[in-house]
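Have a look at the structure below, then the notes.
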Amino acid sequence: MKYYNLLVTEWLKFRKNAVVSLLGIMFLVFMPTSIFIGKEFKNVPPPLPNNSIFFEFPSMWSYLGYVGNWLVFFFIGLMVIYMITSEVGYKTMRQNIISGYTRHDFYMSKMTSTIVLCLFVTFMYAVIGLGIGLWHTEGADLAYAFDNNWAIPRFFLMSLGYCSIGFFIAFLLRRSGIAVMFYLSYVILVEIILRWGVHGKMMGFKNSSINYYPANSFEDLMPNPLFRYAEAIPMDDLDFDFLLTYGQAAISSVIYISIFFGLSYFMFLKRDI
């Protein structure tokens, strides 16, 4: 009941917030529509058979998941950052604690709402995927539809992973603009430099360990499906798979999510509000 009350409070805080509403609406609009860009590819290159793989079971789950990978990273990750940093900017974090919240209560309200948000976007992924797949796959039934290599749990873990990075950065930096820039630059640019420039070239560890960075672990839960085809192509300068298996990505993701949430909690307990 306590966590339910915390969730209700969070809902009342942000249900009419323009930034949260805009980010949520844009996710809900782009999630089902972006995949239909595949309709424009009348002639797809080998080894793809035709553009029906974007919409038919079971391959549809991978392509929709990859679209969701980017949308969750951007829209939902930024939403989580805003829901935390705005409390600092508007002094409502301090006011909540003065009014009776403990630090633990405030933290749990943010963590619980983040998990519920990830459950919601995963639910939307499942509903949209079923709708698109059943409409485009002749003779499909639910058993065939859900034969998707645990795509739905992987999507949830991927969503929670990106949000955990945003969650940690928001509690670390506390200022919306700086936190957003750091989040975007880390996932898009900084981690790639760390993996290939520092880890691979400067340190000389050009092996599979290069894949076990946080954002890459989350991304490999729902990677670009074309990369799976590319793995079969031998590369002279790369003697290891450049994608984690789903099992490896899931295990490393759970570890990183636990670390990000744990560090956020202990950091929040120690710092001034």
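Put in line by how crowded their Cβ is, counting other Cβ atoms within 10 Å and starting with the fewest, E138, E87 read E138, E87. Approximating the spin labels as points 7 Å out from Cα along Cα→Cβ, the K2-to-M26 distance works out to 3.7 nm. Computing FRET efficiency as 1/(1 + (r/R0)^6) for N207 and I255, where r is the C-beta to C-beta distance and R0 is 25 Å, gives about 0.85. With neighbours defined as other Cβ atoms within 10 Å of a residue's Cβ, the residues S208, S253 order from fewest to most as S208, S253. The overall shape of the stretch 115-250, judged from the alpha-carbon gyration tensor, is oblate: a/c is not under 1.5, and a/b is no greater than b/c.
Placing R0 at 51 angstrom, the Cβ-Cβ distance between R271 and E138 gives a FRET efficiency of 0.30 after rounding to 0.05.
Counting every other Cβ atom within 10 Å of each residue's Cβ, T122, T33 order from fewest to most as T33, T122. In this calculation the C-beta distance from D241 to S52 is compared with R0 = 22 Å, giving a FRET efficiency of 0.20.
For the chain, with the dipole built from +1 on Lys and Arg beta-carbon atoms and -1 on Asp and Glu ones, taken about the Cα centre, which of N211, M124, G77 lies farthest toward the positive end? Of the options given, the answer is G77. Sorting the segments 76-83, 255-262 by their residues' average number of neighbouring beta-carbon atoms within 10 angstrom, most packed first, yields 76-83, 255-262. Here semi-axes √(5λ) of the Cα gyration tensor in Å was computed from the coordinates, and among [x] 41, 29, 17; [y] 34, 25, 15; [z] 51, 28, 12 the match is [y].
Values in this text are rule-based calculations from the coordinates and carry no lab data. Just so you know, these numbers come straight off a predicted model, no measurement behind them. Methodologically, a virtual Cβ is constructed for each residue, glycine included, from the backbone with ideal geometry; neighbour enumeration extends over all protein chains shown.
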